[in-house]
1. Test of understanding: among Glu322, Glu302, which residue is surrounded by fewer than 18 Cβ atoms within 10 Å (Cβ to Cβ), assigned by TED's automatic domain parsing to the domain that holds Ser126 and modelled with pLDDT of 85 or more?
2. Is it true that some residue in segment 190-212 is closer than 29 Å to Leu299 by Cα, acidic (Asp, Glu) and assigned by TED's automatic domain parsing to the domain that holds Leu290?
3. Run Arg409 past the list (1) more than 25 Å from Ser361 (Cβ to Cβ); (2) touching a helix residue (DSSP H, G or I) at 6+ places or on another chain (Cβ under 6 Å); (3) of a type outside the set (Gly, Ala, Ser) and report the number of the one that doesn't hold.
4. Are there any pairs, at least 6 apart or on different chains, whose C-beta atoms fall under 7 Å, with the first in segment 219-246 and more than 18 Å from Val186 (Cβ to Cβ) and the second at pLDDT below 70 and part of a loop (DSSP other than H, G, I, E, B), and if so, which?
5. Do we have any residue at all in segment 388-395 that's acidic (Asp, Glu) and in the same structural domain as Ala421 (by TED's automatic domain parsing)?
6. Report, by residue number, each residue of segment 195-225 that is modelled with pLDDT under 90 and closer than 22 Å to Leu273 by Cβ.
7. Of everything in segment 53-85 that's assigned to a loop (DSSP other than H, G, I, E, B) and either among the polar types (S, T, N, Q) or not assigned by TED's automatic domain parsing to the domain that holds Trp116 (or both), which residue is surrounded by the most Cβ atoms within 10 Å (Cβ to Cβ)?
8. Somewhere in segment 272-295, is a residue at pLDDT 80 or above, within 30 Å of Val413 (Cα to Cα) and surrounded by 21 or more Cβ atoms within 10 Å (Cβ to Cβ)?
Amino acid sequence: MSGRKRRRAAAGAGKVRLKRRGRIVMWSAGVCSALVLGVAGIGAWVYQDLEGNIQGADLDNKLGGNRPVNLSPGSKNILVVGSDSREGGNAKYGKGLTTMQSDTLMVVHLPADREWATAVSFPRDSWVEIPACGKGDGTTSTPHHFKINEAFAIGGTSGEVAGAAACTIRTVEANTGLRIDHFMSVDFQGFKGMVNALGGIEVCPEQAIHDEKAHLDLDAGCQTVRDEEALGYVRARYSIGDGSDAGRIGRQQEFMQALAEKAQSKLTSPGALYGFLQSVTKSLTTDDDLAGIKPLYGLASELKDIPSDRLTFLTVPNYPREADVPTDKANLVWQYPGAADLFTALAKDEEVDKKRLQADSEEPVYASSVRVQVLNGTGIAGRAAAVAEKLRQAGFTVVGTGNAPETTRTTTVSSPQGLDAQADVLASRLPDARTGLGTGAAAGAVTLTVGTDLDPEDIR
């Protein structure tokens, strides 16, 4: 396995409130939960009808080798994508866009014991490395850094969801170290159908929302939204709160929780249930292993008994990339070491303490504030310069390069007293790096001694 694949693994800006009743479940459970309520009792013709709606995506020959290993057999990571495709009925939501887009991106982690679950959202403005991906037209993209949602567009160049899913999975795996076991995608039209089948969802914005891009015009106060208003509500960004993607993610998470909650309590009539299931299945694309009523029913059954206080929604800790690269005012970078700690915990099947994660993220140490002296301990000419360039691209301040006193296999980060936090930030961007106290090769800087175990391409 390559080093790259070994990488360790707000709520609602604008103070949006949603009415909450009963048990709250993750939204991927909401997509499936109605199956638990109705599959056993529906007729054979309805079963076949719904079965035929679900689209399966063959991903096995598109993901390549050297994927992360599942460190906890029995656990599952499900990649959930809200598809922003502009085909068919979705065309009016994005003039000039000709590629498939991902509007919402999260990983739902189900532990081996199924006693808790965590959903991690990735802001679509996350600045990450997009690995080489097949574009579906016979060509392959070049590895590069860009917004994380570009992966869906690159893989879906030919309009094939399987390619879009494969590139997104490769990107998430490369940047988190988590093994993705399943994939689910729901498009705009399916989302509206689910909301309409439930009679709408109540939202309570404290301020009026007027957003031309999201086709939304809402007054302040509690009201039930459906159809275009519901879609606009979860898509609105620039006209509400601070205009951040993080704020929209929080609003989407709350809305999906309310949708799942209402689905569980309201789908008691055969007509309502059938309409909901039709909307879900017609808009749903999954990997081949999930592409059927029975496997989705099995997944929903595993989710339905998880206690509400053990269901956690998180967003990858992040901060504006402008803090590291002043000219970039449009993207976010993941905050380390918090992001690395989050991915490592999930890879080891450990429940994440949300309050602790948020507390640790309140005072970020920007990469640009970390001064680094890079020493070559590999004996390979030019290695320090190569590593230094990768660190500069990641936003670190490199103060110099040189040769270590001796050759070493192990990459280490040493720091004088008082720079422990800076050392931790740097070490968390390198796979398997060790940290320790040291005098430092340069005043006010941490020292990175590059060992033969570090490939410069593995630097996050």
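The values are calculated or read from the model by the stated rules, or taken from the named source; none is laboratory data. Owing to the predicted nature of the structure, the values given are computational and were not obtained by experimental measurement. Because the Cβ atoms are built from the backbone with ideal geometry, glycine has one as well, and the counts that use them run over all protein chains shown.
1. That would be Glu322, the only listed residue that is surrounded by fewer than 18 Cβ atoms within 10 Å (Cβ to Cβ), assigned by TED's automatic domain parsing to the domain that holds Ser126 and modelled with pLDDT of 85 or more.
2. yes
3. (2)
4. Taking only residues 6 or more apart or on different chains, the pairs are Arg237/Gly243; Ile240/Ala13; Ile240/Gly14; Gly241/Ala13; Gly241/Gly14; Asp242/Ala13; Ser244/Ala13; Ala246/Ala10.
5. yes
6. Listed by number, the residues that qualify are Val195, Asn196, Ala197, Leu198, Gly199.
7. It comes out as Ser85.
8. Among the residues of segment 272-295, not one is at pLDDT 80 or above, within 30 Å of Val413 (Cα to Cα) and surrounded by 21 or more Cβ atoms within 10 Å (Cβ to Cβ), which makes the answer no.
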